[in-house]
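Laboratory data are not the source of any read-out in this text; all were calculated from the coordinates shown. Computed from a predicted structure; not experimentally measured. No Cβ is skipped: glycine too gets one built from the backbone with ideal geometry, and neighbour counts run over all protein chains shown.
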Amino acid sequence: MNAKSSILDKSQEELEEYCIKNGFKKYNAEQVMRWIYSCRLFDFSKMSDISKSLRKNLDENFNVVLPEIVDTKYETDENGSSKKYLIKFSDEETIESVLINYKNRKTLCLSSQIGCRMGCAYCETSSLGFTRNLTSGEIISQILTVEKDANFRITNIVFMGMGEPLDNIEEVEKSLNIISNDRFIGVAPRKITVSTCGMLNILKELNFDEYRYKIAVSLNASDNKTRSMIMPINKKFPIEDLAALINSKKPSIHNKTTLEYVLIKGLNDGIEDAKKLIKMFSPTNVKFNLIPLNKEQDSAYLKNFERPEDTAVNSFKLKLANAGFTVTIRFSKAVSINGGCGQLKAKTINF
Ligand code: SAH
């Protein structure tokens, strides 16, 4: 007997094809997917508007197995809470997902890969190296698993967990088709952000200018020398080419590209850096999200980097803001549980 495969890995088109090939109707695929993603019913035998023969067929060939929550860590303050999940897939590989529940937003920070191969010097995930891509079903299963635990629906999605989403773009896009479809999981495209280290080739392929989802680019430096030092991807796609693509996007108030900028003491946090950014970009095209470096005290990987003082962070912000840019400072949620940006390293997790 063949091993059952995860139905979560099937796109709507693939399931339609499967249904037709096996003598069922094309529309059956959508019915099944609505049961799974909208009603959260994972038992084929209970899908009451579907023929007994299809239910039996599905049961013989597919399963819906959610990954296991191995551990969680929870942090709360007066404005909300964060919960970090250590999630294990059937091959024993683990990732982390972080649920950030502040005000009316319930944001889930998703991982797209086990480890990462981008090698950014300030990011703990890079210290793990790369193991494998997540499948679309594994990406979606993070939402289903966390929602089941939290008992509410996620309102916003950010691909800012482990991995580089554009380095696994096929599976990420496949998952997004189901996540953003209002008949299925139904998180609107404008509430979904894909964060990238700047894989220019893929950004171009995605038709950056008209991409349905929000894009955030991790810039993290104002010149090639510094950027190449901390982000190897910059050697392939230099900052001026990245800036040219970002600046070529038609300006729109509601959909400016977010530039994420991790501030590292003495490296990229000077007023000279801010001045170069002001020259390179326009307030009509981009907004800045400054992230003071998150670092565990005893991190070996980040040993050469320090978080700047708050005064330096504020001066940097002011310089950009005075030039007309929208600037926010992301004092990462979940830092005390090592669930802040760049702190996710599931394998060596020290809960
Ligand atoms: N690979 C993607 C998404 C994962 S990182 C990317 O590079 O964008 C998500 C965000 O966390 C990025 O903006 C990244 O620059 C930031 N980040 C990584 N390490 C960090 C750290 N130690 N402190 C603060 N932010 C960090």
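The table below gives the values:
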{"item": "Choice from K225, K88, K295 with maximal GNM fluctuation in the chain (Cα, 10 Å cutoff)", "result": "K225"}
{"item": "Antiparallel DSSP beta bridges within the chain, percent to nearest 5", "result": "50 percent"}
{"item": "Top positive-direction residue, dipole computed over the chain with Cβ charges, set T145, N101, L134", "result": "N101"}
{"item": "Debye, to nearest 20: dipole size of the stretch 8-63, +1 on Lys, Arg Cβ, -1 on Asp, Glu Cβ", "result": "260 debye"}
{"item": "5 angstrom amide H check on S195, placed H, neighbours 5+ away", "result": "F159, A216"}
{"item": "Of I50, V286, V70, farthest towards positive along the dipole that unit charges on Lys, Arg, Asp, Glu beta carbons give the chain", "result": "V286"}
{"item": "Förster radius 41 Å - calculated FRET efficiency between Y74 and R190 (Cβ-Cβ, nearest 0.05)", "result": "0.90"}
{"item": "Relative contact order of the stretch 1-126, pairs being alpha-carbon contacts under 8 Å that are 6 or more residues apart, as %", "result": "14 percent"}
{"item": "Helical mean residue ellipticity (222 nm; -39500 (n - 2.57) per DSSP H run of 4+; nearest 500) of the chain", "result": "-8500 deg cm²/dmol"}
{"item": "Summed residue charge, Cβ within 14 Å of S136's Cβ, Lys/Arg positive, Asp/Glu negative", "result": "-4"}
{"item": "Mean-position separation - Cα centroids, the stretch 116-182 and the stretch 18-49, in angstrom", "result": "25 Å"}
{"item": "Listed residue (G186, S175, P165) projecting farthest to the positive dipole end of the stretch 130-194, Cβ model", "result": "G186"}
{"item": "Full-extension gain in nm, L318 to D182, via 0.36 nm per residue minus C-alpha separation", "result": "45.0 nm"}
{"item": "Among E13, E173, E240: highest mean-square fluctuation, GNM of the chain, C-alpha pairs under 10 Å", "result": "E13"}
{"item": "Length-normalised contact order of the stretch 189-336 in % [C-alpha pairs under 8 Å, at least 6 apart]", "result": "22 percent"}
{"item": "Residue-by-residue Karplus 3J(HN,Hα) for the stretch 105-119, coefficients 6.51, -1.76, 1.60, Hz, glycine and proline x", "result": "9, 10, 9, 10, 8, 9, 8, 10, 9, 8, x, 6, 10, 7, x"}
{"item": "Unit charges on C-beta of K, R, D, E only; dipole of the stretch 193-285, Debye", "result": "40 debye"}
{"item": "Set of the stretch 43-59 residues, backbone N closer than 15 Å to the point 7 Å along the Cα-Cβ line of N22", "result": "43-47, 50-59"}
{"item": "Rounded Å value of the spacing that divides the Cα centres of the stretch 184-225 and the stretch 264-307", "result": "19 Å"}
{"item": "Spacing of the two label points (7 Å from each Cα toward its C-beta) at K265 and A244, in nm", "result": "3.8 nm"}
{"item": "Kyte-Doolittle at least 0.0, axis length at least 20 Å by Cα - qualifying DSSP helices, the chain", "result": "136-150"}
{"item": "Max mean-square fluctuation residue, GNM over the chain, Cα-Cα springs under 10 Å, options T196, T328, T135", "result": "T328"}
{"item": "For E260, residues with placed amide H under 5 Å, excluding near neighbours", "result": "V217, S218, L219, N289"}
{"item": "Mean separation of Cα contacts under 8 Å (6+ apart) over length of the chain, as relative contact order %", "result": "15 percent"}
{"item": "Potential lengthening between V65 and T155 on full extension [0.36 nm per residue; Cα-Cα distance subtracted]", "result": "30.1 nm"}
{"item": "Spin-label pair T328/S45, simplified geometry with 7 Å Cα→Cβ offset, distance in nm", "result": "4.7 nm"}
{"item": "Test item: Cα-centred dipole of the chain, Lys/Arg +1 and Asp/Glu -1 on Cβ, debye", "result": "800 debye"}
